[in-house]
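To start, the structure under review is shown below, and the notes come after it.
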Amino acid sequence: MSAPETVTLTIDGRKVTVPKGTGLVEAALAAGIEIPVFCYEPRLGPPIGACRMCLCEVAPGPPKPQAACTLTAQDGMDVKTALTSDSARESQDATLEFILVNHPLDCPVCDKGGECPLQDLTFRYGPGSSRMDFPKRTFDKPIPISPLIALDRERCILCYRCTRFSETVAEDGQLIARNRGAQSMIATFEDEPYRAHFSGNVIELCPVGALTSTQYRFQARPWEIQNVPTVCGLCPVGCNIHATTREGKVKRILSRNHPEVDQGWLCDKGRFAFSHVRAEDRLTDPLLRVRRRGFEEVSWDRAVDEAERLLREAHGRIVTALSGSETVEHAYALAKLLRRGLDSHVAVLPDEFSDALDPLRMPLSSIADADVVAVLGDAPVVERAPIVELWIKQAKRGGARVLYELDEDAVRGAEHAVLIWSGPGGQGGARVAALAKRLGARGAFWLPETANGRGVCDAWAAAADTEPGEVEPIGLLFVSGDEAAANPDVRALAEKAERVIAVSMFHGLAAGWADLVLPGTSYLERDGTYVNLEGRLQRLRRAVIPPAPDELAWIAKLGERFDVALSPYPSVVFDEVSPITFGGVPFGAVGEHARLPAPAEAPAAPETEPLPEPADDDGLRLVRYRPLFSGAAVERVPELQFQRPLAEVQISETDAHARGIRNGDEITLRSNGTSVSLRARVTNELRGGVVRIADEHAGELQPSVEVAR
Ligand code: SF4
Ligand code: SF4
Ligand code: FES
């Protein structure tokens with residue numbers, strides 16, 4: 001491999017050599033020099049030179065100071081920043097003075113105060129006092145651009161970071177700059193609420209306190225908070241986050257850029273759903289069913305006694321339903337207790353994994369470099385693994401073809417093709433792996449439904465190597481977590497089981513049908529590890545103390561009763577499971593920015609069937625999907641309710657055209673005597689023969705439907 005080409009330039013008298021193509025701002029950083037910026041943000045696409053904060057003298061070049069953020073380092077360039085050039089300093093002073101003409105400088109009451117680039121740069125650069133003594137411009141404030149985001153318009157410095165994010169990253173086109181020149185202002189399109197999966201990123205991008213989170217406004221000052229580095233536990237992407245806490249409560253979630261996983265973006269569920277941990281119906285004490293009196297709260301000692309009794313009675317006849325949100329350590333401890341201690345091997349696993357995809361393992365960021373991305377499976381990517389959608393969009397902006405209908409020749413002819421599968425796991429994953437191999441795709445991803453389904457399945461398997469058996473009748477159903485408790489199949493099993501123990505964070509979910517309900521914890525309250533959809537092992541850190549003992553604590557206590565050695569400490573449990581499942585990596589080495597393990601050796605190609613085809617009669621195949629903005633956490637966050645899915649049906653352009661359906665038309669779907677009327681959303685991100693509806697709007701429709709206006 002040849003060495004990368006470099007260029008050597010001088011910045012403030014310091015010589016620096018950087019790879020060809022490096023921006024001047026980054027080249028200066030490499031020389032240990034800061035060029036201050038406001039509008040510059042490489043993740044938002046090409047620089048726009050809007051704020052002029054980065055003015056420098058650049059030779060060779062025009063005599064006037066240049067916006068450094070718009071320039072690339074060139075061989076022999078001589079750059080003088082405000083540190084060494086009078087002309088650059090005067091220009092920068094003028095720029096800051098101009099930016100502050102109408103900025104209120106209300107830092108003491110501004111939520112950005114203390115962590116604000118404008119505040120910091122005004123202290124470090126620019127004139128020490130203002131020459132402007134006229135009244136500043138004011139606006140109504142705050143303007144709610146959605147239930148989640150407030151706009152204090154007078155603070156805006158028109159850097160266009162927010163509108164560029166909306167237009168070129170999320171591509172939702174909802175934030176706009178209205179009017180021109182001095183009248184320019186940020187607004188939403190037609191003043192509609194900013195309703196999009198990734199809207200909250202503009203809060204973090206805004207370099208001033210113009211866009212703030214309605215949840216975080218006036219909640220904390222920067223010197224009162226701690227930022228705990230952890231990962232989001234709400235979908236299989238596993239975005240790296242900081243959980244900001246104050247006085248033992250989570251107050252907000254910020255991104256913690258992992259360039260291979262999330263690039264510093266979060267979806268609105270990950271960013272805003274954290275407040276479910278403080279929901280009013282949070283369960284803090286165990287609940288025991290008492291004949292004729294319903295449920296009563298009992299002490300933990302009593303709960304552990306009762307759990308022991310129920311488990312003993314059902315020895316060998318226990319079925320476990322897992323959620324996929326348990327940590328690796330929690331799932332392993334539970335498996336060890338139930339499988340080794342109680343001879344019970346039957347589990348309802350959250351997702352069915354196949355290791356056939358492991359040889360095709362790649363970081364999510366590799367999607368952006370693909371020249372062909374084939375999205376297979378019919379569940380919408382953005383609803384299952386939102387950040388993957390942003391990587392696909394980035395690939396498309398980079399010139400990739402994104403296929404929603406498999407075109408084998410296009411995949412075969414590509415240099416770097418990636419397959420993304422959002423259908424069912426298990427054999428589904430094996431089929432996609434075989435397809436990728438046959439077509440020569442470089443990478444393939446499966447989007448599971450749960451955040452740590454992979455880690456949970458591996459941990460469950462690591463605890464014992466016996467095969468699953470049959471249990472009839474079920475002596476005890478052990479329901480681990482709210483996702484399992486809300487699963488209709490698990491509820492059906494509960495009807496058949498003699499006894500039920502359920503672990504749940506909230507009152508209503510299991511009380512009523514379980515015999516014993518143990519309070520559960522959230523991903524923000526746990527220490528441990530998760531495995532994301534890439535197969536990356538990531539570290540979860542406890543941001544706040546749960547209101548009840550965490551799962552490992554009471555599982556270890558139960559372990560003592562059944563002579564199963566179990567530690568209540570995640571690091572100890574992990575060190576037990578790691579040699580079996582994670583190559584012996586120590587707990588402490590999982591790290592803040594976890595690395596992806598190398599692709600596994602390719603196993604023998606599995607015999608596979610083809611991927612599911614759409615219905616081939618006159619009807620269309622209905623795909624019901626679980627929306628991102630649904631589930632126990634989202635339901636408990638009032639500000640997120642406006643994000644719930646619209647009553648609409650997604651239909652491909654081909655099928656819509658064939659039926660004379662236009663975007664926004666009210667259409668009726670029929671199957672087996674049931675009908676549902678919904679608004680049509682015509683999309684080119686869906687293959688022909690399939691229609692898609694969010695679960696909550698699909699009623700009793702069957703998998704094959706007829707569609708008409
Ligand atoms: S609202 Fe913030 S991000 Fe948007 S243009 Fe104004 S200052 Fe920039
Ligand atoms: S994309 Fe997934 S992991 Fe990332 S913030 Fe959203 S829910 Fe959390
Ligand atoms: S940072 Fe260069 S013009 Fe804004």
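A few points about this structure:
- Relative contact order (percent, whole number), segment 133-278, Cα cutoff 8 Å, 6+ residue spacing: 18 percent
- P(r) weight above 23 Å for segment 620-708, C-alpha pairs, percent: 24 percent
- In terms of the mean number of neighbouring beta-carbon atoms within 10 Å, the peptides 176-186, 628-638, 296-306 order highest first as 628-638, 296-306, 176-186.
- Shape call, segment 125-238: gyration tensor on alpha carbons, a/c limit 1.5: oblate
- Cα gyration tensor, segment 6-99 - rounded (a/c under 1.5), prolate or oblate: oblate
- Segment 252-352: relative contact order in percent, alpha carbon pairs under 8 Å with at least 6 residues between: 18 percent
- The residues neighbouring H258, those whose beta-carbon lies less than 14 Å from its own, together hold a net charge of +1 under the Lys/Arg +1, Asp/Glu -1 convention.
- Between segment 140-214 and segment 86-126, the alpha-carbon center distance in angstrom: 20 Å
- Proximal aspartates and glutamates relative to K396, as straight alpha-carbon distance under 18 Å, when same-chain residues fewer than 8 apart are discounted: E167, E171, D172, E260, D262, D369, D371, E405, D407, E415, E685
- Neighbourhood net charge (15 Å Cβ-Cβ; Lys/Arg +1, Asp/Glu -1) for L552: -4
- Only alpha carbons enter this Debye calculation for segment 355-446, each as an equal point scatterer, and the log10 of I(q)/I(0) it gives at q = 0.16 Å⁻¹ is -0.54.
- Solvent-accessible area assigned to carbon and sulfur over segment 408-466 amounts to 45 percent, based on a 1.4 Å probe.
- Helix 386-397 axis, angle to the chain major axis (alpha carbon atoms, nearest 10°): 50 degrees
- For segment 88-134, the fraction of 1.4 Å probe accessible surface lying on carbon and sulfur atoms is 58 percent.
- For segment 555-602, GluC sites (Glu not before Pro) are listed when DSSP marks them as loop and at most 13 other Cβ atoms sit within 10 Å of their Cβ; the list is E592, E601.
- Of all DSSP-defined beta bridges confined to the chain, some 60% are antiparallel rather than parallel.
- Residues in the chain average 43 Å² of solvent-accessible surface per residue, probe 1.4 Å, ligands and nucleic acids excluded.
- The chain: relative contact order in percent, alpha carbon pairs under 8 Å with at least 6 residues between: 11 percent
- Listed by chain and number, the lysines placed with their C-alpha closer than 29 angstrom to that of K112 are K136, K141, K249, K251, K269; residues fewer than eight positions away on the same chain are left out.
- C-alpha center-to-center spacing [segment 641-709, segment 549-575] in angstrom: 48 Å
- Euclidean distance between Cα centres, segment 336-364 to segment 1-62, Å: 48 Å
- Cα-based shape type of the chain, given that a ≥ b ≥ c are square roots of the gyration tensor eigenvalues and the cut on a/c is 1.5: prolate
- Neighbour net charge for T95 - beta-carbon separation under 11 angstrom, K R +1, D E -1: -1
The values are calculated or read from the model by the stated rules, or taken from the named source; none is laboratory data. Note that the coordinates shown come from a computational prediction; the quantities given were computed from them, not determined experimentally. Note: ideal-geometry Cβ built from the backbone for every residue, glycine included; neighbour counts use all protein chains shown. Surface areas here come from the heavy atoms of the whole protein model, side chains and all, with no ligands, DNA or RNA. Shrake-Rupley method; radii C 1.70, N 1.55, O 1.52, S 1.80 Å.
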